[in-house]
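Okay, structure first, notes after.
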Amino acid sequence: MIFRPTDEAQVVEVVTWACGDGVPLEVVGAGSKRALGRPVSCDHVLDLAALTGVTLYEPAELVLSARAGTPVVEIEAQLEQHQQLLAFEPGDWGPLLGAPAGAQTIGGVIACNLAGPRRVAAGAARDHFLGVRAVNGRGEAFKSGGRVVKNVTGYELCKPLAGSYGTLAAMTSVTVKVLPAPQQTLTLAWFGLADVAALRRLTTALNSPVEISGAAHLPASIAVRSSVAPVAAAGGAVTLVRLEGFAPSVAHRADTLSALFGGAQRWDRALSRTLWAEIRDVGVFCGDSTPTVWRLSVPPAAGATVVGAVVARLGADVPAYYDWGGGLIWLAVPGTLADAGAAAVRAALTECGGHATLIRAPEPIRATVDVFQPQAPALAALAGRVKDSFDPRHILNPGRMVPGW
Amino acid sequence: MEMPKPDAAIIQRRSEIVNALAAIVPGNGVIAGSDALRVFESDGLTAYRQVPLVAVLPSTTEQVSQVLRYCHEIGAKVVPRGAGTSLSGGALPLADGVLLVLSRLNRILDVDWDNRCVVAQPGVTNLGITAAVAHRGFYYAPDPSSQIACTVGGNIAENSGGVHCLKYGLTTNNVLGIEMVLIDGSVVRLGGRHLDSEGYDLLGLMTGSEGLLGVVTEVTLRILPRPATARALLIGFSSNEAGGDCVGAIIAAGIIPGGMEMMDRLAIAAAEDFIQAGYPLDVESLLIVELDGCAAEVDHLAAMVEGIARAKGAVSVRASASEEERLRFWAGRKAAFPAVGRISPDYYCMDGTIPRGQLPYVLSRMAAMSRACGLRVANVFHAGDGNLHPLILYDANEPGALTAAEAFGADILKLCVDVGGVLTGEHGVGVEKRDLMTYQFAALDLVQQQRVKCAFDPQGLLNPGKMFPELHRCAELGQFHVRAGQIRFPDIPRF
Ligand SMILES: Cc1cc2nc3c(=O)[nH]c(=O)nc-3n(C[C@H](O)[C@H](O)[C@H](O)COP(=O)(O)OP(=O)(O)OC[C@H]3O[C@@H](n4cnc5c(N)ncnc54)[C@H](O)[C@@H]3O)c2cc1C
């Protein structure tokens, strides 16, 4: 059965019943990322998409509250009217995962702790998530945080809820920090750099006082797939830096970087927008025949080494690109591998640390391969106890992140 | 404030415990003499004092682990302590508790320029991080006023902020990883040199957990390149309302300054008298707005802010003309607490946060409350994010004065909650605000927090008596109350 509650009391009622009877529930918003994670097989769905609406938006206070099922596009449209935005720049992985674009809800974005290219400067969803109302696996409604940025009153339960993929509690309403939209955006592009040289350039740029809000490198095999004309036409690798802010500042910083690295092509605001959206939404792997896509978060300076190690194990046919100055790697592996390349990908991380998530793969693979990075025993045990502290009967999205809970 | 009843059996075993700890931390790692212990009897909240059972100062993670494992085995309470600058009694010792002092874990382990992070032990001071990277133009952004003394371990425990966190975030936004030891002695690593830890964000949960969940033994902190330039503007207003309005207008113009602080008349006078920062004395409220970035940006924004300030009725605007002058502007603000300490025998520092727009209302209410109870109050705020620091002036030698100051303080914090804010913005709940938690949180909110505590520390041995007004046993919290016989979802849409 699909339950579609229209208020928090109804969510409480459904979860209370499920907990009492030990009935697992699949928790969904719009379902755009339903194909992410280990498959959850539940007879019942707790669908939060009817909990909609922005309940508070005070532009001068830089704060917005919405019911968890509110579509992000709706929130972004309201913000745009006041020249504001969600600074963590959540991507839309719907199309990557075979779902329609523009459907995702704010609750889903937070539950997956999304973060776009601006992560390097502005943080992830977790960093902007100020307050929550949620229903835990016992059917108890609780709140944490608030509507102000400076708040250390009690434990920060918002943090573990961000990135919990609905396995701790069903969020019913969330409060986020919003920020002024940049007045100007400019992208600098350099061409033909090999991965190592490109990441070194991005590191130099990020280590300079020129505030950068996007630092990506698209190797040749990725650039050709781009739907952004000047990238696809480059005929080789493209290295990108985004500058945002007040116009005089952006111009000045662009000159500083050009002086540092030699002439770059400058791409304007409109082009920047489509370009960074494609990077953010993993556009180059959408609709791809390669079914398996990994997302790696690594120490940025180790990015090229990690990709090199994966290629060494899996062969050259592993298209990959870098965001976050090398700290975020998107990588596609051939669909023929039984473990989806998990052994090779994870082995590449042992030296430098970091984690790899199997974002897209056919269901049977996601049922057998660790979709999320396996944790050391003491940490895994602790995480299990945290899960139990919210959802002791494993009612909410059981098995989505870790087999067994 | 009532602390958990001391465990007489543990107190009786004191000499045995001292010996066992000395075996774990040889040399002079254990402090047991009553005079020597007295230096630890309070933290920055000096109204509360208690000499610990014993203090232990380990110098390795392994020793921390053994100490905790031992305390866990015998059921002894443990209070972690960094530099003891907490303003909420977070590091207040317990008569039957081992004080675990982390100040000897004070080494920087690695500076990783390419990954823009520093790996350090928890006893390194906040300023010590910046000092280690300043020569190459980097700094650690969260800058609590206590940064010369406070430790990064304490910063994580309190999720400390500073005057620059409006733009650069709190501790939680600047920590990449930690190593911590749980009460059973197990060592857990969270995060690393990459962004966003895998699995549940326990790093985010640990940050601000006030020493109740685990003991931090190593930290990895994000460092940032120092902005090319920075300029501070001192802007005076003839009313607090006008100052508050200007803050709102700056943000409405799309500007997020590096820092935006406000002081009221009493705080301005005290700071100027103490530091000679160059503050105007003929204004009711003073804003310090710092703009940082490339020169072009700073010029542009400074002109915008000055324009906004004039439009909002500023009676004086002065921009720092040199780096020395900029630092002097800040020195007055950063020394505001001790400065107020000079004009009153004692002061009590509060730390609520309010939605910024409520500032004029809250200030006028506070003034009325001040008149009613006869205690003066000086105000400094992190104006950009609505974090208030009212300093209540009193004289502890006057009978009843401390009680009156505490009551006034509690009323201010309740007012913060009433207008949509919170009890504490950066100083933590500790013992001080523990009993007010029920004012902000409903019973179930606190129950969920305590269940999380049970996941880390089921016997409640780590820093008990802090944060939660009522301690529930974990067994009791773990029970189910299945409500039988209810009508099942008569109105819920289902398909
Ligand atoms: C003059 C003055 C100005 C201040 N200004 C600011 C300010 O601007 N912003 C701000 O946020 N705070 C400020 N504070 C408060 C205080 O400095 C911070 O809370 C600081 O982070 C505490 O660090 P500490 O090392 O002194 O910790 P302590 O006071 O020793 O301990 C604080 C808490 O942390 C726990 N703890 C300490 N170390 C560890 C560890 N390694 N692992 C686990 N738990 C641990 C303790 O148990 C305790 O609960 C100020 C304090 C003073 C006295």
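The values are calculated or read from the model by the stated rules, or taken from the named source; none is laboratory data. Predicted, not measured: the structure shown is a model, and the values here were computed from it. Here the Cβ positions follow ideal geometry from the backbone for every residue, glycine too, while neighbour counts run over all protein chains shown. Please note that ligands, DNA and RNA were not included when accessible areas were found on the heavy atoms of the full protein model with its side chains. Shrake-Rupley method; radii C 1.70, N 1.55, O 1.52, S 1.80 Å.
Report, in debye and to the nearest 20, how large the dipole of chain B comes out about its Cα centre when Lys and Arg carry +1 and Asp and Glu carry -1 on their Cβ.
Numbers: 41 positive and 53 negative charges, 88 e Å.
With only Lys, Arg, Asp and Glu charged at Cβ, the dipole is about 420 debye.
Any idea of B:D110's accessible area? Nearest 10 Å², probe 1.4 Å. Roughly 50 Å² of B:D110 is accessible to a 1.4 Å probe.
Seen from a random direction on average, the alpha-carbon convex hull of region A:284-366 projects onto 4.9 square nanometres.
Mean projection of the alpha-carbon convex hull of chain B over all orientations, in nm²? If you can, show how the numbers build up before the last one.
Working: hull surface 111.4 nm².
Over every viewing direction, the Cα hull of chain B projects on average to 27.8 nm².
Dividing the Cα radius of gyration of region B:359-495 by 2.2 N^0.38 Å, with N the residue count, gives 1.41.
Find the percent of Cα-Cα distances in region B:8-101 that exceed 21 Å, and round it to a whole number. Walk me through the numbers before you get to the answer.
On the way: 1091 of 4371 pairs.
The answer is 25 percent, as a whole percent.
Structural size metrics of region A:131-255, computed from C-alpha coordinates, are Rg and Dmax of 20.9, 57 Å. Per residue, the Cα convex hull of region B:161-275 amounts to 184 Å³. Accessible surface for A:E76 stands near 70 Å², nearest 10, in the context of the full protein assembly shown (1.4 Å probe).
Comparing A:A68, A:A381, A:A49 in a Gaussian network model of chain A (Cα springs below 10 Å), the most mobile by mean-square fluctuation is A:A381.
Treating each Cα of region A:38-101 as an identical point scatterer and summing with the Debye formula, the log10 of I(q)/I(0) at q = 0.25 Å⁻¹ comes to -1.18. Among A:132-143, A:94-105, sorting by the average number of other beta carbon atoms lying within 10 angstrom of each residue, highest first, gives A:132-143, A:94-105.
Evaluate the Kirkwood expression for the hydrodynamic radius of region A:1-132, namely the inverse of the mean inverse distance over all pairs of different C-alpha atoms, and round to one decimal in Å. Before the final figure, lay out the partial values.
Working: mean 1/r = 0.0634 Å⁻¹.
Averaging 1/r across every pair of different Cα atoms and inverting gives 15.8 Å.
In terms of its Cα atoms, region B:21-72 spans 34, 19, 17 Å along the principal axes, sorted from long to short.
Computed from the Cα positions only, the extents of region B:402-459 along the three principal axes stand at 37, 25, 20 Å, in decreasing order.
Modelled label positions at A:D268 and A:S208, each set 7 Å beyond Cα in the direction of Cβ, lie 2.5 nm from each other. Dipole orientation for the protein assembly as shown: of the candidates A:Y155, A:T274, B:N28, A:T274 has the Cα lying most toward the positive pole (charges on Cβ; Lys, Arg +1; Asp, Glu -1). Legend: residue pairs A:K143/B:K453; A:K150/B:K433; A:K143/B:K433, Cα-Cα distance threshold 26 Å; every pair lies within threshold.
With runs of 4+ DSSP H residues as the only contributors, calculate the mean residue ellipticity of chain B at 222 nm using -39,500 (n - 2.57) per run, divided by the residue total and rounded to the nearest 500. Mind showing how you got there, number by number?
Working: 18 runs with 175 residues, N = 495.
Here the helix-only value at 222 nm equals -10500 deg cm²/dmol.
With viscosity 1.567 mPa s and temperature 4 °C, the Kirkwood radius over alpha carbon pairs of region B:313-420 converts through Stokes-Einstein to a diffusion coefficient of 85 µm²/s.
Nonpolar atom fraction for chain A, defined as the carbon and sulfur part of the 1.4 Å probe accessible area, stands at 54 percent.
For region A:350-399, what D do you get in µm² per second when you plug the Kirkwood radius from alpha-carbon pairs into Stokes-Einstein at 25 °C and 0.890 mPa s? It diffuses with D of about 191 µm²/s by this estimate. Region B:290-304 and region B:130-184 have Cα centres lying 26 Å from one another.
Between A:A347 and B:N106, the modelled labels are 4.6 nm apart [label points 7 Å from Cα along Cα→Cβ].
Among the protein heavy atoms of region B:377-451, carbon and sulfur supply 53% of the accessible surface, probe 1.4 Å, non-protein parts ignored.
The charge dipole of region A:99-169, taken about its Cα centre with unit charges on the Cβ of Lys, Arg, Asp and Glu (plus for the first two, minus for the last two), comes to roughly 140 debye. Rounded to the nearest Hz, the phi-derived 3J(HN,Hα) couplings of region A:60-70 under the Karplus curve 6.51 cos²θ - 1.76 cosθ + 1.60 (θ = phi - 60°) are 5, 9, 6, 9, 9, 10, 8, 5, 5, x, 5, where x marks glycine and proline. Between A:A338 and A:W405, the FRET efficiency estimated from the beta carbon spacing at R0 = 30 angstrom works out to 0.75. Only helices enter the 222 nm calculation for chain A: every DSSP H run of n ≥ 4 contributes -39,500 (n - 2.57), and dividing by all residues gives -8500 deg cm²/dmol, rounded to 500. Charge dipole of the protein assembly as shown (Cα centre as origin; +1 on each Lys and Arg Cβ, -1 on each Asp and Glu Cβ, all else neutral): 900 debye, rounded to the nearest 20.
At 1.306 mPa s and 10 °C, plugging the Kirkwood radius over alpha-carbon pairs of the protein assembly as shown into Stokes-Einstein gives what diffusion coefficient in µm²/s? Result for D is 56 µm²/s. Taking all protein chains in place and a 1.4 Å probe, what share, in percent, of the accessible surface of region B:229-337 do carbon and sulfur account for? Summing carbon and sulfur atoms, their accessible area is 53 percent of the total for region B:229-337.
Excluding ligands, DNA and RNA and using a 1.4 Å probe, chains B and A jointly bury around 7800 Å² of accessible surface, summed across both partners. Once backbone amide H atoms are built at 1.01 Å from N, B:G259 has B:E290 as its partners under 5 Å, excluding neighbours fewer than 5 places away on the same chain. Considering only A:V293, A:A348, A:A320, and ranking their Cα positions along the charge dipole of region A:284-366 that arises from unit charges at the beta-carbon of Lys, Arg, Asp and Glu, the one farthest toward the positive end is A:A348. Averaging Cα coordinates gives a centre for region A:61-101 and one for region A:168-227; these two points are 19 Å apart.
Using Cα pairs under 8 angstrom and six or more residues apart, how large is the relative contact order of region B:345-435, in percent? Working shown, then result.
Numbers: 141 pairs, mean separation 36.3, N = 91.
Computed over region B:345-435, the figure is 40 percent.
Pick out, from B:V219, B:G400, A:P334, the residue whose Cα sits farthest towards the positive end of the charge dipole of the protein assembly as shown, with +1 on the Cβ of Lys and Arg and -1 on the Cβ of Asp and Glu. Most positive-ward Cα: A:P334. Pair-distance distribution P(r) for chain A, from all Cα-Cα distances in 10 Å bins starting at 0: 5, 22, 31, 26, 13, 2, 0 percent. Across region A:125-181, the convex hull enclosing all Cα atoms gives 83 Å³ per residue. One equal scatterer on each Cα of region A:150-216, no solvent, Debye formula: the resulting log10 I(q)/I(0) at q = 0.15 Å⁻¹ is -0.82.
Within region B:109-225, the ratio Rg/Rh, alpha carbon atoms throughout and Rh by Kirkwood, equals 0.94. Averaged per residue, the protein assembly as shown has 33 square angstrom of accessible surface, using a 1.4 angstrom probe with ligands and nucleic acids left out. Each principal axis of the Cα cloud of region A:54-194 was taken in turn, and the coordinate range along them, longest first, works out to 55, 37, 27 Å. Determine the shape class of region B:229-337: with a ≥ b ≥ c the square roots of the Cα gyration tensor eigenvalues, call it rounded for a/c under 1.5, and otherwise prolate if a/b is greater than b/c, oblate otherwise. Because a/c hits 1.5 or more and a/b fails to exceed b/c, region B:229-337 counts as oblate.
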